[in-house]
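Since the structure comes first, as structure tokens, the remarks are kept for the end.
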């Protein structure tokens with residue numbers, strides 16, 4: 001019923017939202033003398049604030065029309081190259097002619113499978129990550145689909161299905177792909193590569209990079225980690241799982257709704273968000289459009305959330321955050337024990353933020369303790385000073401200090417001749433679609 005109440009409230013506020021939109025145009029019109037007075041600007045700011053607080057934020061656009069390679073601009077087009085019911089695999093295709101001219105002898109570059117977190121926000125949250133990586137790499141990303149948009153007839157989607165998707169995407173992209181996981185995907189990537197290694201898969205990735213990830217949340221537990229352990233699984237199921245209402249395509253599917261996740265995000269930093277809204281109002285009143293636009297850009301992304309399937313959410317809470325099954329060597333994938341010690345040929349890099357309040361120090365490093373068969377020479381562990389969780393995968397320190405280390409790591413396990421042969425048989429610039 002909570003989801004129905006949410007939909008009802010959204011509909012109920014529609015007249016107010018429309019009135020605020022109208023008021024914004026009326027009071028802000030250049031033809032209205034009030035627009036040039038403090039009272040008029042305050043009215044516009046009030047209307048815009050009301051509109052922004054009551055509207056629904058849909059999935060943002062990628063807004064990555066180009067990249068810069070060797071000081072030359074190269075057009076970029078995001079293309080869906082593989083489609084699954086709960087996820088699209090998106091390739092950031094750099095315009096071949098411009099790319100070849102800009103890259104020159106460095107035209108054959110590592111393939112990156114960037115696994116976006118399925119934990120509330122859309123994959124576009126990693127826009128800055130993609131932007132930095134695609135200057136030196138061929139980048140693909142998992143673009144998870146809002147569960148309320150997936151018809152009930154498509155069936156369930158749990159953590160085991162998530163791992164299956166990763167394995168299928170790695171097989172689709174071919175051997176020697178470099179897999180990068182930001183936050184939530186870490187345990188799933190570790191499991192997928194373990195399963196593939198145990199089966200001696202010919203599509204094993206060359207490396208896996210895990211960033212700010214809850215591999216073992218018993219280490220330096222943070223507030224979200226403690227909250228997950230304080231309540232029984234039954235509490236999460238009773239209070240946070242709801243059925244998708246009609247007329248959404250996923251009608252009757254049980255989900256952990258995005259609006260509940262968003263409420264949790266905001267509650268954790270309520271004072272900061274309240275202050276941000278006050279500053280936004282003041283920027284609008286004084287006409288500081290640059291600051292107001294930066295606010296809009298941030299909150300257009302931050303307030304855009306998606307629903308998670310109930311089975312995926314509950315299994316993640318239980319297996320990763322409460323029972324620590326992967327960390328303890330007790331996690332089973334379709335009845336088979338997942339053994340990270342089976343990984344022998346895949347290089348491992350872990351990245352953590354010194355000030356991370358989501359995945360504490362040591363939680364990601366735990367991957368090294370689990371992957372006991374990876375040679376020491378094939379391991380890299382890096383802790384970035386002065387950054388929190390978001391700074392692990394975005395921002396100036398990510399671009400200037402983390403990305404160069406990642407690129408050096410990718411290049412260390414990158415064979416240009418083998419890559420050229422693979423692309424001759426299956427050109428990465430125009431991959432076939434997955435059936």
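The values are calculated or read from the model by the stated rules, or taken from the named source; none is laboratory data. Keep in mind the model is a prediction, meaning the values are calculated, not measured. Glycine also receives a Cβ, built like all others from the backbone with ideal geometry; neighbour counts cover every protein chain displayed.
For this structure, a couple of remarks:
- Qualifying residue in segment 137-149 (condition: modelled with pLDDT of 95 or more, closer than 20 Å to residue 314 by Cβ, crowded, with 20+ Cβ neighbours inside 10 Å and out of contact with any strand residue (DSSP E or B) (no Cβ under 7 Å at 6 or more places or on another chain)): yes
- The set of residues from segment 262-272 being more than 21 Å from the chain's Cα centre (by Cα) and either within 14 Å of residue 298 (Cα to Cα) or surrounded by 15 or more Cβ atoms within 10 Å (Cβ to Cβ) (or both) comprises just one member, 272.
- From 358, 320, 374, residue being touching a residue at least 40 places away in the same chain (Cβ under 8 Å), buried (at least 18 other Cβ atoms within 10 Å of the Cβ) and farther than 30 Å from residue 252 by Cα: 358
- Each residue in segment 1-36 was checked for being modelled with pLDDT of 75 or more and not in a helix (DSSP H, G or I), and 4 pass.
- Residue in segment 122-144 that is within 22 Å of residue 176 (Cα to Cα), in a helix (DSSP H, G or I) and over 14 Å from the mean Cα position of the chain (by Cα) present: yes
- Matching residues in segment 150-161 - criterion: being within 18 Å of the chain's Cα centre (by Cα), crowded, with 21+ Cβ neighbours inside 10 Å and in a loop (DSSP other than H, G, I, E, B): 157
- Residue in segment 342-350 that is at pLDDT 95 or above, assigned to a helix (DSSP H, G or I) and either in contact with a helix residue (DSSP H, G or I) (Cβ under 8 Å, 6 or more places away or on another chain) or surrounded by fewer than 17 Cβ atoms within 10 Å (Cβ to Cβ) (or both) present: yes
- Within segment 171-207, the residues that satisfy the criterion of being assigned to a helix (DSSP H, G or I) and either more than 25 Å from residue 356 (Cβ to Cβ) or not assigned by TED's automatic domain parsing to the domain that holds residue 388 (or both) are 171, 172, 173, 195, 196, 197, 198.
- Lone unmet requirement of (1) surrounded by fewer than 19 Cβ atoms within 10 Å (Cβ to Cβ); (2) touching a residue at least 40 places away in the same chain (Cβ under 8 Å); (3) closer than 24 Å to residue 109 by Cα for residue 201: (2)
- Flag if residue 292 is without any contact (Cβ under 8 Å) to a residue 60 or more places away in the chain and not in a loop (DSSP other than H, G, I, E, B): yes
- Any hit, segment 212-220, residues being touching a strand residue (DSSP E or B) at 6+ places or on another chain (Cβ under 8 Å), assigned by TED's automatic domain parsing to the domain that holds residue 392 and within 30 Å of residue 111 (Cβ to Cβ): yes
- Residue 83 vs. criteria outside any loop (DSSP other than H, G, I, E, B), outside the structural domain of residue 292 (by TED's automatic domain parsing) and over 25 Å from residue 407 (Cα atoms): yes
- Residue 118 vs. criteria in a loop (DSSP other than H, G, I, E, B), assigned by TED's automatic domain parsing to the domain that holds residue 166, surrounded by 23 or more Cβ atoms within 10 Å (Cβ to Cβ) and touching a residue at least 40 places away in the same chain (Cβ under 8 Å): yes
- Residue check, residue 197 closer than 30 Å to residue 408 by Cα and at pLDDT below 95: no
- Condition met for residue 130 (out of contact with any strand residue (DSSP E or B) (no Cβ under 7 Å at 6 or more places or on another chain), modelled with pLDDT of 95 or more and in the same structural domain as residue 332 (by TED's automatic domain parsing)): no
- Only a single item in (1) touching a strand residue (DSSP E or B) at 6+ places or on another chain (Cβ under 7 Å); (2) surrounded by 19 or more Cβ atoms within 10 Å (Cβ to Cβ); (3) in a loop (DSSP other than H, G, I, E, B) is not met by residue 363, and it is number (1).
Residues are listed down the side, and each one gets a yes or a no for (1) surrounded by fewer than 15 Cβ atoms within 10 Å (Cβ to Cβ); (2) under 30 Å from residue 210 (Cα atoms):
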| residue | (1), (2) |
| --- | --- |
| 3 | no, no |
| 12 | yes, no |
| 26 | no, no |
| 60 | no, yes |
| 68 | yes, yes |
| 81 | no, yes |
| 95 | no, yes |
| 98 | no, no |
| 104 | yes, no |
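- Failed item, numbered, when residue 246 is tested on (1) in a helix (DSSP H, G or I); (2) under 27 Å from residue 154 (Cβ atoms); (3) out of contact with any helix residue (DSSP H, G or I) (no Cβ under 7 Å at 6 or more places or on another chain): (1)
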